[in-house]
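Encoded as structure tokens, the structure appears first; notes follow it.
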Amino acid sequence: MRMKTVIIGGVAGGMSAATRLRRLDESAEIVVLERSGHVSFANCGLPYYVGGVITDRQSLLLQTPASLKARFDLDVRVNSEAIAIDPAAKTVSVTNLADGTHYTESYDSLILAPGAAPFVPPIPGAERALTLRNIADVDAMAAAVGDGRPRTAVIMGGGFIGVELAENLVHRGFEVTIVELADQLLAPLDVEMAALVEKKLIAGGVKVVTGASVTAIEESSVTLSDGGTLAAGLVIAAIGVRPETSLAQAAGLELGERGGILVDEHQRTSDPSIFAVGDAVVKRDVITGAQALVPLAGPANRHGRLVADVIAGRPAAAKPVLGTAVVGVFGLVAAATGWTEKRARAAGRAIRVIHTHPANHAGYYPGAESMSLKLVVDAETDAILGAQGIGGSGVDKRIDVIATAIRGGITASELVDLELSYAPQFSSAKDPVNMLGYIAENLRDGLTETIQWHEVAAEVARGVQLIDVRTPGEYARGTVDGAINIPVDELRDRLDEVADEVIVHCQVGLRGYLAARTLAQHGRTVRNLDGGYRTWARV
């Protein structure tokens, strides 16, 4: 008997499910219903088409109904909106948006892949705000960019899409302002890491306003919650997305605590014949197993494939998600995986935090670029909770390695044993990931103790001595508030100047570590400023 699967929604999750199911079952009847006019396109490339980096619109269109029919024998129907699901009858009510006709489609298995919709705040003039989700949106935005309006733009929201659009609109000659309600850009980063991205944006000509929101959109300007106004020939809503769950909710499917469609490890909803994948679906956090909404292409593709396996009778189960992501900003790379320090502290976890500032490859080889890495570690188990990286070439590689380590259950201290590829133009003999492991091992074993940049002021106010162990020249160019200068090479001869309890710091942490080991063996209670002056000076 030929089994019929209907898929609502294309792009990453829906089309991964459709094509995988065909590869597994040549006899299956597979129908894909897509509300828009395009079923398979590179949505992550849309900001770069707006900016003119991608010049060929056709290159964004990966597959068409005709090509999918020819290669996979899929019945793909664009401009076809599913308006209701009847789980008891196993049918979907469909409207053909091209001619307005209605019909009913039956199914044996149903896969929901409706995605998530950009959130537009209910403020005066909101209808003028553009969003970026699909090909129709990018066509509208590209037309607006080129229609001769004033070359000023306000982007509501400083997440990944907002930051990418800011850079691309600068490339198109716009004066761009990002307005972000939080106190920092890019929520997947901690504030001292996000500060590097903000500085890069500002250096690239983007204005950044944090701690405020747009409260009204006028014909050529916007009003902010702090009472200010900004010129805005173009207004873009990039505040975030909300899972598209209206169909699922109307069909009586169970939703999660954050509004996404609740699924089991096989992506099955509360109805055993209905599955769901993609941005509309609740995932499980890799650290705690708690419900999470992670609107990323990687999990959507993986879960679409997984559903096809389940329908075809193959054993498959979804893994928890890390939320690994990366963004480029005027040549700067910002990447993150897992939990931030802020999230770990809010959850009440006992943690260790490690900041480093290594070069991406051997410093003696031409072209070495500095990067900033941050590792968040469970202090009780040595488990890696998350990592962040900012810099140039090689940042994504290091975050990917750490994401793999988290997935594999490798602890922070065990990073020292990873055998990573090395040649002078690619890395150092001790890769930056290995170095994170060495520091984690020292902290675990009690060979050193560190203090974070945001904890120093309170300790100095309490009377703890703070020593800058860099050279006098470095000290003169700027130091942590309250520090005295005793260079690391002079410490043994100047021990009489060192108090019983002391904090030491250098530029990035290495000389501070050496100083801490020396002083500890001379009876001092000593902590090293993690990440050194470079980390402290960011915020």
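Which of the residues that make up region 416-444 are hydrophobic (A, V, I, L, M, F, W, C), within 24 Å of R527 (Cα to Cα) and open to solvent by 30 Å² or more (accessible area, probe 1.4 Å)?
Hits for region 416-444 are M435, I439.
Has region 368-386 got at least one residue that is over 25 Å from P299 (Cβ atoms), part of a loop (DSSP other than H, G, I, E, B) and open to solvent by less than 40 Å² (accessible area, probe 1.4 Å)?
The answer is yes; a qualifying residue exists.
Out of the residues in region 244-275 meeting the condition of being assigned to a helix (DSSP H, G or I) and in contact with a strand residue (DSSP E or B) (Cβ under 7 Å, 6 or more places away or on another chain), tell me which one is surrounded by the most Cβ atoms within 10 Å (Cβ to Cβ). Break it down stepwise before answering.
Filtering region 244-275 down to residues assigned to a helix (DSSP H, G or I) leaves 246-250.
Next, only the ones that are in contact with a strand residue (DSSP E or B) (Cβ under 7 Å, 6 or more places away or on another chain) stay: 247-250.
Numbers: L247: 22, A248: 26, Q249: 12, A250: 11.
Here the answer is A248.
Among the numbered criteria (1) open to solvent by 20 Å² or more (accessible area, probe 1.4 Å); (2) under 20 Å from T324 (Cα atoms), which single criterion is violated by R398?
Only one criterion in (1) open to solvent by 20 Å² or more (accessible area, probe 1.4 Å); (2) under 20 Å from T324 (Cα atoms) is unmet by R398, namely (1).
What single numbered condition from (1) among the small types (G, A, S); (2) in contact with an Asp or Glu (Cβ under 8 Å, 6 or more places away or on another chain); (3) over 17 Å from I439 (Cβ atoms) fails to hold for A359?
(3)
Mind listing just one residue for me: the one in region 203-229 that is over 20 Å from F119 (Cα atoms) and either among the charged types (D, E, K, R) or within 28 Å of the chain's Cα centre (by Cα) (or both) and, of those, most open to solvent (accessible area, probe 1.4 Å)?
Ranking the qualifying residues of region 203-229, first place goes to E219.
Looking at R314, R284, R343 in this structure, which one is open to solvent by 20 Å² or more (accessible area, probe 1.4 Å), of a type in the set (K, R) and in a loop (DSSP other than H, G, I, E, B)? Let's see the steps before the verdict.
Details: R284 fails: in a loop (DSSP other than H, G, I, E, B); R343 fails: in a loop (DSSP other than H, G, I, E, B).
None of the others qualify; the one that does is R314.
Based on what the data block shows, is D489 surrounded by fewer than 22 Cβ atoms within 10 Å (Cβ to Cβ) and within 36 Å of the chain's Cα centre (by Cα)? Show your work before the answer.
Working: surrounded by fewer than 22 Cβ atoms within 10 Å (Cβ to Cβ): yes; within 36 Å of the chain's Cα centre (by Cα): no.
No.
I261: touching a helix residue (DSSP H, G or I) at 6+ places or on another chain (Cβ under 6 Å), touching a residue at least 60 places away in the same chain (Cβ under 8 Å) and under 30 Å from G204 (Cα atoms), yes or no?
no
So, in region 399-414, exactly how many residues are under 14 Å from K374 (Cα atoms) and either modelled with pLDDT under 95 or hydrophobic (A, V, I, L, M, F, W, C) (or both)?
Total satisfying the criteria: 5.
Of all residues in region 467-486, how many are open to solvent by 50 Å² or more (accessible area, probe 1.4 Å), of a type outside the set (F, W, Y) and farther than 19 Å from E455 by Cα?
Of the residues in region 467-486, the ones open to solvent by 50 Å² or more (accessible area, probe 1.4 Å) are 471-472, 475-477, 481-482, 484.
Filter once more, so that each one left must be of a type outside the set (F, W, Y): 471-472, 476-477, 481-482, 484.
Next, from what is left, pick out any that are farther than 19 Å from E455 by Cα: 471-472, 476-477.
Residues in region 467-486 being open to solvent by 50 Å² or more (accessible area, probe 1.4 Å), of a type outside the set (F, W, Y) and farther than 19 Å from E455 by Cα: 4 in total.
Which of (1) closer than 14 Å to R527 by Cβ; (2) open to solvent by less than 40 Å² (accessible area, probe 1.4 Å); (3) not small (G, A, S) does Y513 not meet, given it meets every other one?
That leaves (2) as the condition not met.
Among the strands (runs of 3 or more DSSP E) contained in region 173-224, which hold 1 or more residues that are touching a residue at least 60 places away in the same chain (Cβ under 8 Å)?
214-217, 221-224
Looking at L33, L24, can you tell me which residue is touching a Gly at 6+ places or on another chain (Cβ under 9 Å), at pLDDT 95 or above and open to solvent by 30 Å² or more (accessible area, probe 1.4 Å)?
None of the others qualify; the one that does is L24.
If you take the residues of region 511-539 that are in contact with a helix residue (DSSP H, G or I) (Cβ under 8 Å, 6 or more places away or on another chain) and of a type in the set (A, V, I, L, M), which of them is nearest to H357 (Cα to Cα)?
L529
Out of the strands (runs of 3 or more DSSP E) lying entirely within region 96-139, which hold 3 or more residues that are farther than 30 Å from S27 by Cβ and either in contact with a strand residue (DSSP E or B) (Cβ under 8 Å, 6 or more places away or on another chain) or open to solvent by 40 Å² or more (accessible area, probe 1.4 Å) (or both)?
Passing ranges, in order: 116-118.
Counting only residues that are within 18 Å of P295 (Cβ to Cβ) and in a loop (DSSP other than H, G, I, E, B), how many does region 225-243 have?
Of the residues in region 225-243, 3 are within 18 Å of P295 (Cβ to Cβ) and in a loop (DSSP other than H, G, I, E, B).
Restricting attention to region 410-422, which residues are free of Cβ contacts under 8 Å to residues at least 24 places away in the same chain and part of a loop (DSSP other than H, G, I, E, B)?
L418, E419, L420, S421, Y422
Which of the helices (runs of 4 or more DSSP H) found entirely inside region 465-539 contain at least 1 residues meeting this: under 19 Å from A440 (Cβ atoms)?
On the way: elements: 472-476, 510-520, 532-536.
Where helices (runs of 4 or more DSSP H) fall fully within region 465-539 and carry at least 1 residues being under 19 Å from A440 (Cβ atoms), they are 510-520, 532-536.
Of the residues in region 347-367, how many are under 22 Å from T411 (Cα atoms) and either within 22 Å of the chain's Cα centre (by Cα) or open to solvent by less than 60 Å² (accessible area, probe 1.4 Å) (or both)?
Step one: list which residues in region 347-367 are under 22 Å from T411 (Cα atoms), which gives 347-358.
In the following step, the residues that additionally are either within 22 Å of the chain's Cα centre (by Cα) or open to solvent by less than 60 Å² (accessible area, probe 1.4 Å) (or both) were identified as 347, 349-358.
Looking only at that region, the number is 11.
Cβ-Cβ below 7 Å, separation at least six or inter-chain, first residue in region 338-366 and without any contact (Cβ under 8 Å) to a residue 60 or more places away in the chain, second small (G, A, S) and outside any strand (DSSP E or B): which pairs?
What qualifies is A350/A379; I351/A344; I351/A379.
The values are calculated or read from the model by the stated rules, or taken from the named source; none is laboratory data. Source: prediction; values computed, not measured. All Cβ positions, glycine included, derive from the backbone under ideal geometry; neighbour counts span all protein chains shown. To get the accessible areas, we keep the full protein, side chains included, count just its heavy atoms, and leave off ligands, DNA and RNA. Shrake-Rupley method; radii C 1.70, N 1.55, O 1.52, S 1.80 Å.
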